[in-house]
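Here it is: the structure, laid out below.
The values are calculated or read from the model by the stated rules, or taken from the named source; none is laboratory data. Owing to the predicted nature of the structure, the values given are computational and were not obtained by experimental measurement. No Cβ is skipped: glycine too gets one built from the backbone with ideal geometry, and neighbour counts run over all protein chains shown. Heads up: the accessible areas ignore ligands, DNA and RNA and are worked out on the full protein's heavy atoms, side chains in. Shrake-Rupley method; radii C 1.70, N 1.55, O 1.52, S 1.80 Å.
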Amino acid sequence: MKLVFAGTPEVAVPALDALIASGRHEVAAVVTRPDAPAGRGRRLVASPVAERAEEAGIEVLKPAKPRDPGFLDRLREIAPDCCPVVAYGALLPRVALDVPAHGWVNLHFSLLPAWRGAAPVQHALMAGDEITGASTFQIEEGLDSGPVYGTVTETVRPTDTSGDLLTRLAFAGAGLLAATMDGIEDGSLKAVPQPEEGVTLAPKITVEDARIDWSAPALRVDRVVRGCTPAPGAWTTFRGERLKLVQALPLPDRTDLAPGQLAAGKNNVYVGTGSHAVELLWVQAQGKKPMRAADWARGARITEGELLGG
């Protein structure tokens, strides 16, 4: 088939690579979000998908909105058979959805209908899911509600961050998306409607969602830290300034600390929760680089009884 691939961040690159390498289909063009300011100089930088497509000599389309007439005209000129999508980052209007004969097929990082929305991996970790995965489905105008072509499953490991899990799903999902294109092309795959039961939503994680509630159980604190790493980053406050929590470890045997209460030893930093303590392993103070929590505590000269979270 002739394909137009739509995607923007680094997590979409493995799928683009898989389609380029398949040899069975032609990636005629790539659609991605416009260049965005990045770094201290805030200079405009192309998306990871745009950079990879340019390396491969593939035409790159960067519409401000996917309903722009110029973009739609070019899409019709290319006349793709199908448009595979991975984390494109913009809603597709019906006028665009109707262009390819086989529609737009999205690779979504959950086992649909679970975790429809922008942050499925983060929500799966924060909810304590033991199994997650990726799904390919036909895009409709609803939110991730279209019929499903295929799935792959992935076990959630006890120390996984959302970054760890998303990296594994990106590569597993890349193979799934390529296989889905093959099945659509030869007619062996038919999309199956999603069940009405089991629908959960995964909206974008806000900064406030990532704030640690020290009165919550240690298990919840651990899930929020892992689910919000690397972005937007779990955080609390210390002496009126924000402190990011990069890595923490629940300690079921220590129950002597009140919620938010700090205890710093020579090589360890502990903080109380609503159940048992957690050990802070890595933190990032405001304006600083990530550092071992014990090094941060020595520099801060924590006094007995000080609290995190105000």
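Looking only at region 120-147, which residues are farther than 17 Å from L91 by Cα, open to solvent by 20 Å² or more (accessible area, probe 1.4 Å) and in contact with a Phe, Trp or Tyr (Cβ under 8 Å, 6 or more places away or on another chain)?
H123, P147
Could you tell me how many of the residues in region 261-290 are open to solvent by less than 20 Å² (accessible area, probe 1.4 Å) and in a loop (DSSP other than H, G, I, E, B)?
1
Would it be correct to say that V152 is at pLDDT 95 or above and in contact with a Gly (Cβ under 9 Å, 6 or more places away or on another chain)?
When the stated conditions are applied, V152 passes them.
So is W214 surrounded by 16 or more Cβ atoms within 10 Å (Cβ to Cβ), in contact (Cβ under 8 Å) with a residue 12 or more places away in the chain and not in a strand (DSSP E or B) or not?
yes
Is it the case, given these coordinates, that T167 is in a helix (DSSP H, G or I) and open to solvent by 70 Å² or more (accessible area, probe 1.4 Å)?
Against the criterion (in a helix (DSSP H, G or I) and open to solvent by 70 Å² or more (accessible area, probe 1.4 Å)), T167 qualifies.
Separate question: Going by what's in this entry, would A191 be described as touching a Pro at 6+ places or on another chain (Cβ under 6 Å) and in contact (Cβ under 8 Å) with a residue 60 or more places away in the chain?
no
Okay, residues lined up against (1) touching an Asp or Glu at 6+ places or on another chain (Cβ under 6 Å); (2) crowded, with 21+ Cβ neighbours inside 10 Å; (3) in a loop (DSSP other than H, G, I, E, B):
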{"position": "F171", "(1), (2), (3)": "no, no, no"}
{"position": "T180", "(1), (2), (3)": "no, yes, no"}
{"position": "L189", "(1), (2), (3)": "no, no, yes"}
{"position": "V199", "(1), (2), (3)": "no, no, yes"}
{"position": "T206", "(1), (2), (3)": "no, no, yes"}
{"position": "L219", "(1), (2), (3)": "no, no, no"}
{"position": "D222", "(1), (2), (3)": "no, yes, no"}
{"position": "P230", "(1), (2), (3)": "no, no, yes"}
{"position": "T236", "(1), (2), (3)": "no, yes, no"}
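Filter region 104-119 down to the residues that are open to solvent by less than 10 Å² (accessible area, probe 1.4 Å) and either at positive phi or of a type in the set (V, I, T) (or both) and list them by number.
V105
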